[in-house]
Each structure stands twice: as structure tokens, then as C-alpha cells.
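Undergrad: Sending over a structure as C-alpha cells; questions will come in a sec.
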Amino acid sequence: MITLNVIHRIYRIKYGDGTGTCFVIDEGGHKYLITAKHIVKNIKNPDTIKIENDNGWIDVKVNLIGHATGSIDISVLTGDLSFSSNDPLFVRKGPLALSQDVWFVGFPNTRIQPHKTSPSFLELNRNFPLPMLRQGIVSWMHDDFIWIDAHGNIGSSGSPVVFKPNGSDLCFVIAVISKRTEEIKPVYETELQAKNDDSIGIAPIGYYRENSGVITAYSIKHALNLINSKPF
């Protein structure tokens with residue numbers, strides 16, 4: 001079961017034309033906002049982001065702690081995070097095991113729309129929208145990232161990946177959702193052509209992107225490295 005300190009620290013973020021998910025963690029006695037780098041890659045320092053609240057958006061002034069390097073899709077912000085719950089959300093760098101259950105919690109655009117949330121549900125989360133909970137298993141591990149066997153949607157980027165260590169009653173953040181893995185598939189005029197394209201050499205008339213059911217999530221250690229490199 002996901003604990004309330006997770007639910008109460010996850011928010012829908014908007015910057016420019018992009019929307020996604022962010023969350024606020026506690027580290028070294030301070031709060032930091034973490035999201036996917038591709039959502040806020042053009043952010044200035046200082047700048048303003050928007051957080052969904054009470055079926056609208058509130059402005060939040062932030063400072064950029066840093067973007068992770070290379071393909072690591074993590075950014076860390078700080079600033080006026082007084083909107084966030086006082087229930088602390090902590091992180092852990094591991095350990096994980098293959099096939100272990102994990103959860104990611106966020107705001108997929110295809111399922112949860114940023115308007116007209118009923119008042120009764122808003123009351124459950126201090127007038128912030130309730131995020132959607134998704135479950136998966138760790139299908140592959142690397143020092144920098146994990147692959148999760150689960151279906152993700154646009155808008156889930158920036159969601160925390162959480163797990164419960166053995167013997168713990170609390171959930172901890174271990175990674176940050178980047179994106180789903182897609183496969184490029186061909187489109188044919190007829191079903192018969194699609195079945196025999198390899199044997200008769202028929203060229204496709206187009207291509208489409210198929211959700212492979214694998215999600216990339218980068219280790220929370222990259223966020224911690226940014227935080228520790230720039231003491232509060």
C-alpha cells in the first residue's frame with residue numbers, strides 16, 4: 001500500500017507548453033522539487049513554474065539547482081515550496097532486485113485531465129488533484145537507470161518510482177520516470193501484406209509508434225548528486 005506521504009508530495013507541473021509530474025523530497029533538512037529534465041530544460045534561474053491546485057494553476061517561484069548531465073532525464077529545483085505537505089518524503093538509492101514490485105505515481109495526460117476535479121476528491125489532497133498510481137516490476141537494472149515492465153503515458157514523466165524496503169512501513173523514492181520505450185512499426189494496406197511483408201518484399205505505406213510496455217526511470221542518485229554539489 002502506498003503511504004500518504006507519497007500521495008501528498010506529488011504534483012502536476014506546467015512550464016511553458018509542457019506539462020508533467022513533479023514531486024518534493026526532503027534531503028538534509030531542506031525541500032527540493034524534482035522532475036524530468038525534458039519538461040524544464042529551458043528554465044531560467046530564477047524562474048516561475050505552475051502547479052495545479054483547486055482546478056487551476058498557481059505560480060511557484062523557483063531556482064534551478066541543476067540539470068543532470070547527458071541523457072539523465074532529471075532536474076532539481078528549489079524555492080518557495082511552501083505549498084507542499086509537511087509529511088516528509090525520503091529517498092533511497094537501493095537496494096533493488098530483479099522482478100521486484102515498484103510503483104510510479106503521477107499524472108498521465110491520457111487519463112487525468114487538469115480540470116474539473118470533483119470537490120470531494122480535491123479535499124482528499126488539500127485541493128491538489130489525486131495522482132494516478134501504476135504498478136510494475138523491475139525488469140532490468142543499470143547503475144544509472146532501471147527498466148520497468150509497465151505501461152506509461154505522456155504526462156507521467158517526472159513521476160517518482162517508489163518501493164518499500166523489507167521491514168519498512170514507509171515508501172521511499174528510488175528513481176524518476178523519464179519516458180516509455182517505443183517501437184517503430186510498419187503499416188500496410190492489407191492484413192495479408194502485413195503477414196507476408198518479409199517474404200514478398202512489400203514496402204509499408206507508413207509507420208506508427210507502439211508502446212513497448214517498458215519504461216525508463218533514472219536513479220534518484222543523480223538528483224542527490226546535484227543537491228550535494230550545491231549545498232543549500
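Undergrad: Conditions: (1) basic (Lys, Arg); (2) touching a strand residue (DSSP E or B) at 6+ places or on another chain (Cβ under 7 Å); (3) in a loop (DSSP other than H, G, I, E, B). Lys61 meets all but one. Number of the miss?
TA: For Lys61, the exception is condition (3).
Undergrad: Next question, about the same structure. Do we find that Asp54 is at pLDDT below 95, open to solvent by 60 Å² or more (accessible area, probe 1.4 Å) and either closer than 15 Å to Val105 by Cα or of a type in the set (Asp, Glu) (or both) in this structure?
TA: yes
Undergrad: If a residue must be open to solvent by 40 Å² or more (accessible area, probe 1.4 Å) and modelled with pLDDT of 70 or more, how many such residues does the stretch 170-185 contain?
TA: The number of residues fulfilling the criteria is 1.
Undergrad: Here is a follow-up. What's the number of the only condition in (1) open to solvent by 10 Å² or more (accessible area, probe 1.4 Å); (2) within 19 Å of Cys171 (Cα to Cα); (3) of a type in the set (Lys, Arg) that Lys41 fails to meet?
TA: Single failed check for Lys41: (2).
Undergrad: Out of Gly158, Gly167, Gly213, report the one residue that is at pLDDT 65 or above, out of contact with any Pro (no Cβ under 9 Å at 6 or more places or on another chain) and surrounded by 16 or more Cβ atoms within 10 Å (Cβ to Cβ).
TA: Exactly one of Gly158, Gly167, Gly213 is at pLDDT 65 or above, out of contact with any Pro (no Cβ under 9 Å at 6 or more places or on another chain) and surrounded by 16 or more Cβ atoms within 10 Å (Cβ to Cβ), namely Gly158.
Undergrad: Restricting to the stretch 132-155, name every residue that is open to solvent by less than 20 Å² (accessible area, probe 1.4 Å) and at pLDDT below 90.
TA: Within the stretch 132-155, Ala150, Gly152, Gly155 meet the criteria.
Undergrad: Search the stretch 115-131 for residues being open to solvent by less than 90 Å² (accessible area, probe 1.4 Å) and more than 16 Å from the chain's Cα centre (by Cα), and hand back the single one that is modelled with the lowest pLDDT.
TA: That would be Thr117.
The values are calculated or read from the model by the stated rules, or taken from the named source; none is laboratory data. Just so you know, these numbers come straight off a predicted model, no measurement behind them. With ideal geometry, Cβ positions are generated from the backbone for all residues, glycine too; neighbour counts draw on all protein chains shown. Note: accessible area is taken over every heavy atom of the protein model, side chains too, but ligands, DNA and RNA are not part of it. Shrake-Rupley method; radii C 1.70, N 1.55, O 1.52, S 1.80 Å.
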